[in-house]
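Data first, discussion second: the structure below is written as C-alpha cells.
The values are calculated or read from the model by the stated rules, or taken from the named source; none is laboratory data. What you are looking at is a predicted structure, and each value in this text was computed from that prediction instead of being measured. Every residue, glycine as well, gets a Cβ built from its backbone with ideal geometry; the counts of neighbours run over all protein chains shown. When the accessible area is computed, the model is the full protein with side chains, heavy atoms only, and any ligands, DNA or RNA have been set aside. Shrake-Rupley method; radii C 1.70, N 1.55, O 1.52, S 1.80 Å.
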Amino acid sequence: MVIDSQPDLEVVGEAGDGDAALHALSVTTADVVLMDVRMPVLDGVEATRRLRSREDAPKVIVLTTFDLDEYAFAAIKAGASGFLLKDAPPPTLLDAVRAVHSGDAVVAPSTTRRLLERFAGHLPEDATPPDAVWAELTQREHEIVREVVRGRSNAEIAARLFVTEATVKTHIGRVLAKVGLRDRVQLVVLAYETGLVRPGAS
C-alpha cells in the first residue's frame, strides 16, 4: 500500500519465499526488490545471491528485524545494495527504494560500521594486502575512503576536506570504478576485509 500510493512507484509482484521470488522475477521485470532475509524454502541471502548473478538483475534491499543481523550482513556480501529494518517508517522505505534505483546504497554508513564491527570475527584472516587492492588510488581518494568508512555522509566529508559535495561524489565514483565495486556499502566491506581499516578504528 505504501509503495503503490506513490505516483512514481509500482508493485509488480509479491512472493512468500525466496524460491517463489526467483521464479516470479524470471517472468516479471522489476527495478528494485525488497527481500526478507528470513524466509522458508530459500532464505533471502541465497535468493539475493542467485538473483544478483543474473544478467541485468534488479537491485536488492534486504529487510531485517534487528539492526545487527548477521543475515543482513551476508545479504550485503551476496549483492544487496543495503538493508532496512522492517519497522522503518514509510518515508524511509520510499526514499530507500528511490535511492537504490538511482544507483546509491541505502545502508546508513554509521549502521554499516556497527554491523561490520559486530561481525568482524567472520571476516577472513588471510585478507588481501591493502596495497594490492588500493594501489591505484590517489592520496585524496584514500582520504575519501577512510571518511566513508568512518560513517560520514558526503556533506560531512565535503566539510572536513574543504571541497564540494559534487567533488566528493566524483571521487567516490572514481574509487568504485578503480576497485571494481558497485556502491559505498561494498566499499566499506572491502576496506575491512583487506585490513585497510580495523573494526573499532576511529
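Met35 passes every criterion in (1) in contact with a helix residue (DSSP H, G or I) (Cβ under 7 Å, 6 or more places away or on another chain); (2) assigned to a loop (DSSP other than H, G, I, E, B) apart from (2). Here Arg113 fulfils each of the conditions (1) at pLDDT 65 or above; (2) closer than 24 Å to Leu84 by Cβ apart from (1). Take the residues of segment 169-190 that are closer than 15 Å to Ala132 by Cα and among the β-branched types (Val, Ile, Thr): which is least open to solvent (accessible area, probe 1.4 Å)? Across segment 169-190, the extreme among qualifying residues is Val175.
Among (1) within 27 Å of Gly180 (Cβ to Cβ); (2) open to solvent by less than 30 Å² (accessible area, probe 1.4 Å); (3) out of contact with any helix residue (DSSP H, G or I) (no Cβ under 7 Å at 6 or more places or on another chain), there is one condition Leu94 misses while meeting the rest; what is its number? Evaluating Leu94 over (1) within 27 Å of Gly180 (Cβ to Cβ); (2) open to solvent by less than 30 Å² (accessible area, probe 1.4 Å); (3) out of contact with any helix residue (DSSP H, G or I) (no Cβ under 7 Å at 6 or more places or on another chain) leaves (1) as the failure.
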